[in-house]
Amino acid sequence: MKCLRALLDTIIPEDDFPGAWEAGVGDYLGRQLASDLAKLLPAYQAWLAGLDDEARVLHGADFAGISPRQRTALLMRIEQGAVEAAWQIEPAPFFRDIVEHCAEGFYSDPGNGGNRAGIAWRMIGFEVSG
Amino acid sequence: MKVTVSTRHSDYDAIVIGSGAGGGVAAAVLAEAGKSVLLLERGRDLSFETVGRDHLRNQRMAVYGHNAGPDIDGNPRTLEAGSFPIPVGEALGDLRLLRPHEPGYQNNAACVGSGTRVYAGQAWRFMPQDFRMASEYGVPEGSSLADWPIGYEDLLPWYEKVEWEIGICGDHRTMTHLPAYDKPYPMPALPLPHKSGIHKRGLEQLGWQWLRVPRLINSVPYNDRPGCINCQQCVGFACPADAKNGSHNTTVPRALRSGNCTLRTEVMAERLACSAGGRVTGVTIIDANGQRQTLTADVVVLSCGAVETARLLLNSATPQEPTGIGNGGDQVGRNLQGHYYPGAAGLFPDVMFDGVGPGCSIATCQFNHGNDDIIGGGFLGDEDIVTPVTMWKRFYPPDAPRWGIEAKRFMRDNYRRINDVTGPVQEIPSPAARVNVNPQVKDKYGIPVAHLSGATHPETVRTARFMHERAKEWLRASGAIKVWGQPPPRYLSGGQHQAGSCRMGEDPAISVVDPFCRVHSHDNLFLADGSPHVTNGGFNPVETIMALAWRTADNIVAKW
């Protein structure tokens, strides 16, 4: 869970608006992995394990234990498919899926579990009436 | 055409199957004429709250499901693998097995009102040229392009009826691509959003025609319901003010108010019931409890949409018509078409978003016809307000960052400055683009599902490329500092604008229904949806579906 939280907060980091985790993206993903995306749960687990391995190989610590700057650099390498650890899953394509799911949680309606109290909509100026 | 009334007592004068755009009209006209009508709907009657505001499960963005049916489970279809450019759904031998929200399924909503419950309600008359495409352009090799057996003038009285009785807002003076209107729209156009004003100036600068997009929305209170409140979640969702005019709040209530119509929901038509002689006598249905029942009527009207109407005919084979009712000429299910939607998105220097919905207000019909070396064309219009997650998925610049602080900043800085224009292309029909049935795969009722195969004619793709370039030109003229998008590849089209699968014509060898939408081989079986459309115009088809259904139903009554 620490790894997932660190990952989501690297994909959508906190600034003067909340990052992914505080905005509820973890809740969104939890719901989805228990329903529509249940088939992807093993892939998520394998990918997160690969991410921790990768961080340990490169920095000697879990992904959650390295600095935000190191996390970003690590994900940029993964995005290019440049990995050192022995991944059980092709790292680059599934990273794109995770980014997509993270954005779904952050930018879709709060009823889906993310975008808590419409915070992402307030940030971008999607004003809702009626 | 003469409807022969059976001497045997039937349960109803007429059974109408499907409560969408066409079925609602047919039920209302027949019931108001004093006929006893049974209106069947496979879906439920959905409240605004039930439809909800799920940005990942709606008719515009169906990532994980639909808000207005059909249910994800129990309603599969199969697709020929080559009919979609990427693998979709699950593999099933050589085929793809699809759930309703997956690409290639060609879904339309399953609920009272069908697509009209959750549509944008763009309300277009087809142009006179749209009814005579073969005469205007010739027939490209490999296509089944043909003229309609009726013309614009034949449909005009019913276009006006739809405009006034179901309720369309707009500005007839701007519809300069059409013959002058005898009657204005009953309601003025919706307020012009800020971004639509900018796009209007772009069109003026290019010297292209502009018009105010007519919509099946009350811009002011009308028909005892309120006017639009300009909310931001219109297309794909139900209306919080009940100002969007669909079958569920216009024609179906009219039918019920007459006292002559019974509405049954969550009822699936399994097959048409026929006499030993092969004459249609009603329909066999299966209800939500799995109970099968045969109901009889003197007249049966199919309004299931182009895919499901064809499926029902094909699933209703009789000794007299062993390949399906109306299918003697092997025409049922062919020429399936919808609309390609080329367009482009642009980044603007200033904020475009002002929150005034629904949004699509300005369009141009400059390119529907008369383009050099192009068969037909289509209109281009600005867009209803795009939800944030839809912006992320569909209209995000390909070179913008997708994650990290820069991606967050990009959405924050630019959500309100990105805007797109798009529009439907008149498809060039292919006889190979087809609805069939797959007896190997059954739905939750045990009924063989629709199998879809083929693809649109290559000319459709060429027109779409042409329109994509025009979309980019328009965005630049409107002041976009950056423009992106891709023209669509070739695939099988249909979707919410599905049409053409039971085409209208004089000759039973090459058509399924006559010019009054009566199935050639039957005196009491009619179609009232998009399936009789010979071609589907470069326009949203719903006003034409409603007008044609009205004409068909009026004719049934007149000849009864």
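The values are calculated or read from the model by the stated rules, or taken from the named source; none is laboratory data. A quick note: this is a predicted structure, and the numbers were derived from the prediction, not measured. Methodologically, a virtual Cβ is constructed for each residue, glycine included, from the backbone with ideal geometry; neighbour enumeration extends over all protein chains shown.
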(request) Go over the candidates A:I98, A:I89 one by one and state the one that is of a type in the set (V, I, T) and not in a helix (DSSP H, G or I). (result) A:I89
(request) Among the residues of region B:205-250, write down those that are free of Cβ contacts under 8 Å to residues at least 60 places away in the same chain and among the polar types (S, T, N, Q). (result) B:N218, B:S219, B:N223
(message) If I ask for residues that are closer than 25 Å to B:A499 by Cβ and either in a loop (DSSP other than H, G, I, E, B) or in contact with a Leu (Cβ under 9 Å, 6 or more places away or on another chain) (or both), which ones from region B:29-61 would you list?
(response) B:V37, B:L39, B:L40, B:E41, B:R42, B:G43, B:L46, B:N58, B:Q59, B:R60, B:M61
(request) Can you tell me which residue among B:R462, B:R434, B:R476 is more than 21 Å from B:G202 (Cβ to Cβ), at pLDDT 95 or above and assigned by TED's automatic domain parsing to the domain that holds B:G378? (result) B:R462
(message) Scan region A:55-64 and tell me whether some residue there is within 13 Å of another protein chain (Cβ to nearest Cβ) and either more than 30 Å from B:G355 (Cβ to Cβ) or surrounded by fewer than 16 Cβ atoms within 10 Å (Cβ to Cβ) (or both).
(response) no
(message) Looking at B:W164, B:W158, can you tell me which residue is under 30 Å from B:I385 (Cβ atoms), aromatic (F, W, Y), in the same structural domain as B:T552 (by TED's automatic domain parsing) and under 22 Å from the mean Cα position of the chain (by Cα)?
(response) B:W164
(message) For the condition closer than 26 Å to B:R462 by Cβ and either surrounded by fewer than 23 Cβ atoms within 10 Å (Cβ to Cβ) or touching a residue at least 60 places away in the same chain (Cβ under 8 Å) (or both), what is the one hit in B:N315, B:N368?
(response) B:N368
(request) Among the residues of region B:392-407, write down those that are acidic (D, E) and part of a loop (DSSP other than H, G, I, E, B). (result) B:D399
(request) Consider A:E84 carefully, then state whether it is more than 18 Å from A:G30 (Cβ to Cβ), acidic (D, E) and within 7 Å of another protein chain (Cβ to nearest Cβ). (result) no
(request) Please work out which one of (1) among the aromatic types (F, W, Y); (2) surrounded by fewer than 23 Cβ atoms within 10 Å (Cβ to Cβ); (3) assigned to a loop (DSSP other than H, G, I, E, B) is the condition B:F410 fails and give its number. (result) (3)
(request) Filter region B:341-355 down to residues that are part of a loop (DSSP other than H, G, I, E, B) and aliphatic (A, V, I, L, M), then give me how many there are. (result) 2
(message) Of the residues B:L56, B:L46, only one is more than 22 Å from B:R394 (Cα to Cα) and modelled with pLDDT of 95 or more; which?
(response) B:L46
(message) Restricting to region A:91-127, name every residue that is more than 9 Å from every other protein chain (Cβ to nearest Cβ) and at positive phi.
(response) A:G113, A:A117, A:G118
